[in-house]
Amino acid sequence: MLDKNGIAKRIAKEIKDGYYVNLGIGIPTLVANYIPDGVNVVLQSENGLLGMGPFPLEGDEDPDLINAGKQTITTLPGSAIFDSAMSFGMIRAQKIDLTILGAMEVSENGDIANWKIPGKMVKGMGGAMDLVASAKNIIVAMQHVNKAGESKLLPTCTLPLTGVRCIKKIVTELAVLDVLPEGGFKLLERAPGVSVAEIREATAGKLYADDDVPEMVID
């Protein structure tokens, strides 16, 4: 199985040269550390930054430079800082090529729930609803199962929805999966050492898999 950094490394391989990419809170923020050499992208943070770099080294943090998750970050030469209204204008105008989000649940129809667990305190829905409504392409970075070992890839989401039929690809600690237009998860790759049977066991929604599913290539 992959750890969180492994998930971020695999997602970084999906980023193409010239992309403008929004990184959500959680695992997606780690993607900034693994952009492949020779691939020039502009990372956007919804709180008002274009040109986000990797996380700073210990001792080099600047508390005035943070991402949407309030983590300290770095900027790259040519970066721009602006207000969140302009940032969301970019998002709503579909200027972002790829959005990478975390999720609590994804349904086999591509619905996503990632902003609230009923009964638990939440700071707010953040920008997730704008992102899923406006993004051209969304990849979800998430754990395949919750702490109780229950699947988070479901026939139908049980938590309040963030967006409907908007997710196309998911990367977890176990697998890379597409959400099929007709519904269901298509297994594309499995994590090193993980079998198709283990992924089936961990997936509550419909799962389609070929006889020979390749392992992920991370490095």
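If a residue must be over 23 Å from Pro192 (Cβ atoms) and open to solvent by less than 50 Å² (accessible area, probe 1.4 Å), how many such residues does the range 1-26 contain? Qualifying residue count, the range 1-26: 5.
Scanning the range 16-26 for residues that are part of a loop (DSSP other than H, G, I, E, B) and within 20 Å of Ile112 (Cβ to Cβ) returns Gly24, Ile25, Gly26. Consider Ala197 carefully, then state whether it is open to solvent by 40 Å² or more (accessible area, probe 1.4 Å), farther than 15 Å from Ile11 by Cβ and not in a loop (DSSP other than H, G, I, E, B). Against the criterion (open to solvent by 40 Å² or more (accessible area, probe 1.4 Å), farther than 15 Å from Ile11 by Cβ and not in a loop (DSSP other than H, G, I, E, B)), Ala197 qualifies.
The values are calculated or read from the model by the stated rules, or taken from the named source; none is laboratory data. Note that the structure is a prediction, hence the values are computed from the model and not measured. Glycine gets a Cβ as well: all are built from the backbone with ideal geometry, and neighbour counts include every protein chain shown. Remember, those area values only see protein heavy atoms, side chains included, never the ligands or the DNA or RNA. Shrake-Rupley method; radii C 1.70, N 1.55, O 1.52, S 1.80 Å.
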